[in-house]
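A short write-up of the structure that comes next.
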Amino acid sequence: MTAGPTNPKSPILTDGVTVDPNNLPVGTEKRRQVRSMFDSIAPRYDLVNRIMSFGLDVRWRKAAMKRLSVAGGGTVVDLACGTGDFCREIRKAGLLPIGLDLSMGMLAQARTDAPLLHADILRMPLPDASVDGATCGFALRNLVELPGFFDEVARVVRPGGRIAFLDAAQPDNSVLRWGHGVYFNRVVPIIGGILSEGRAYRYLPKSLAYLPPWDDMKASLADAGFDMLERKVFTGAQLITGTRR
C-alpha cells in the first residue's frame, strides 16, 4: 500500500490522480477510514443504494454478468462483495461465487449463501489461477492502490478468465453530466444523511477523484495481464471488462 507524501498542504498524486489531502484520505489512513465507514453504513447500505440509483444498480450488475461470460459451473470471486448483491447474481448465472470484503460489518449484513472471506483484496487468500472470473462493484475508488489490485486480480484469475468491474462515473453527454453532477454532489449526501450516515455519503461524490482516466486504467490493466479491455458508460456508472492473457 502506498501512503504518498506527508505534506498536508500539497496535492497528492496517487495512481495518476491528484487528490487534495485536506478533503480525501490516502494510504493506510484511507484504508482505515473506508473500512470504518462501511462498517457503520452496512445496516442500511442496500436500501440507500436502491433509492440513490433508482434501482439501476440492479440493472448494472445484470449487465456486468452478461459481459462477464464465464462458462457455467465456473468459480467467480466477488471483490469487496459487501452484502452479497453480486454473489447472488453470480449464483443465478449458474456459477460458484466466493465473496471477499475488508468490512466485517458488511459481511455481517450479507444475504447470500456464498462462502465469504474477511480479507483485503490487495492480498487475497486465494491460490494462483484459482478462479474463472472476478467481479467488483463500486469499490475501485475505495482502494489504496489500483495497479497493485489489478496485479493481484491477474494472479488469482486463470488465463482466459474474465473480469467485470463496476464503479461510479460521470455520463459522457454534457447535459446528462451536468444533471448527474447536481444530483450526485447535492442530493445524494442529503439522502444518505437522512437514511444512514451523512459523513459517508458526503465522501461518495468526492471519491470519484480517486479514479484515474480510462486510458490510464486501461494501461494498468494491460500491464497486469489483461486484454480485450472494454468500457461501457451508463448514466452514473461504468462497466470495465477484460480477459486474462
(message) Checking residue 27 against (1) more than 19 Å from residue 112 (Cβ to Cβ); (2) modelled with pLDDT of 95 or more, only one condition comes out false. Which one?
(response) (2)
(request) Among the candidates 204, 176, 221, single out the residue that is modelled with pLDDT of 95 or more and out of contact with any Lys or Arg (no Cβ under 8 Å at 6 or more places or on another chain). (result) 221
(message) Condition (residue is part of a strand (DSSP E or B) and among the aromatic types (Phe, Trp, Tyr)) applied to the stretch 160-167: is it met by at least one residue?
(response) yes
(request) Would you mention how many residues in the stretch 88-146 are in contact with a strand residue (DSSP E or B) (Cβ under 6 Å, 6 or more places away or on another chain) and hydroxyl-bearing (Ser, Thr, Tyr)? (result) 1
(message) Can you name every one of the strands (runs of 3 or more DSSP E) wholly within the stretch 51-149 that holds 2 or more residues which are surrounded by fewer than 18 Cβ atoms within 10 Å (Cβ to Cβ) and touching a residue at least 12 places away in the same chain (Cβ under 8 Å)?
(response) 116-118
(message) Would you confirm whether or not the stretch 150-158 contains a residue that is closer than 17 Å to residue 221 by Cα and over 19 Å from the mean Cα position of the chain (by Cα)?
(response) yes
(message) Looking at the stretch 187-214 only, could you name the residues that are in contact (Cβ under 8 Å) with a residue 40 or more places away in the chain and surrounded by fewer than 17 Cβ atoms within 10 Å (Cβ to Cβ)?
(response) 191, 195, 197, 199, 206, 208, 209, 213
(request) Answer yes or no as to whether residue 198 is modelled with pLDDT under 95, more than 27 Å from residue 129 (Cα to Cα) and in contact with a Gly (Cβ under 7 Å, 6 or more places away or on another chain). (result) yes
(message) On the basis of being within 21 Å of residue 142 (Cα to Cα), touching a strand residue (DSSP E or B) at 6+ places or on another chain (Cβ under 7 Å) and modelled with pLDDT of 90 or more, does residue 244 make the cut?
(response) no
(request) Tell me, yes or no, whether the stretch 90-97 has at least one residue that is out of contact with any helix residue (DSSP H, G or I) (no Cβ under 9 Å at 6 or more places or on another chain), at pLDDT 95 or above and basic (Lys, Arg). (result) yes
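The values are calculated or read from the model by the stated rules, or taken from the named source; none is laboratory data. On a predicted model such as this, the values are computed, not experimentally measured, just so you know. Please note: Cβ atoms are built from the backbone with ideal geometry, for glycine as well, and neighbour counts cover all protein chains shown.
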